[in-house]
Amino acid sequence: QVQLVESGGGSVQPGGSLRLSCAAPGIMFRIYVMGWYRQAPGKQRELVATITTGGTTNYADSVKGRFTISRDNAKKTVYLQMNSLKPEDTAVYYCNAALDPRNYWGQGTQVPVSS
């Protein structure tokens, strides 16, 4: 069974920063599109950012200029650097690995943003 292991979540004050990591040792990481999604309480899961095998990135409008997705193929890890966090960023953040038809998810890591 493929496992994506997220880390780096935790409580943070508005304006603060966090870096999420997601390790995917059980897949041929370099050929997967990697992404971060989030689900706020009472809302549907939404895209945060994706990064292709070639390094092309895509961001939700709500996080552009504040969040940065990156990947390290040698470490089989994808990162999400989150700066200038806002209360509305509060959610469970999920890592995703996609290579049609395969689609794998991490267990999620909580990021509460409050003062």
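The values are calculated or read from the model by the stated rules, or taken from the named source; none is laboratory data. Not measured: the values here are computed from a predicted model. Positions of Cβ are backbone-derived with ideal geometry, glycine not excepted, and every protein chain shown enters the neighbour counts. These area figures cover heavy atoms from the full protein model, side chains too; ligands, DNA and RNA do not enter into them. Shrake-Rupley method; radii C 1.70, N 1.55, O 1.52, S 1.80 Å.
Quick notes on this one:
- The label point for Asn83 and the one for Arg19, both projected 7 Å from the Cα toward the Cβ, are 1.3 nm apart.
- Comparing Cα centroids, the range 63-115 and the range 1-36 end up 6 angstrom apart.
- The residues of the chain expose on average 54 square angstrom of accessible surface per residue, using a 1.4 Å probe on protein heavy atoms.
- Surrounding net charge for Val33, when Lys and Arg each add one and Asp and Glu each subtract one, Cβ distance under 13 Å: +2
- Calculated from backbone phi, Karplus (6.51, -1.76, 1.60) coupling profile of the range 15-21 in Hz, x at Gly/Pro: x, x, 10, 8, 10, 8, 10
- GNM result for the chain, Cα springs below 10 Å: residue of Lys75, Lys43, Lys86 fluctuating most strongly: Lys43
- Close Lys pairs in the chain (alpha-carbon distance under 27 Å; sequence gap of 8 or more, or different chains): 5.
- Percentage relative contact order, the chain, counting C-alpha pairs under 8 Å, at least six apart: 36 percent
- Sulfur and carbon atoms: percent of accessible area, the chain [1.4 Å]: 46 percent
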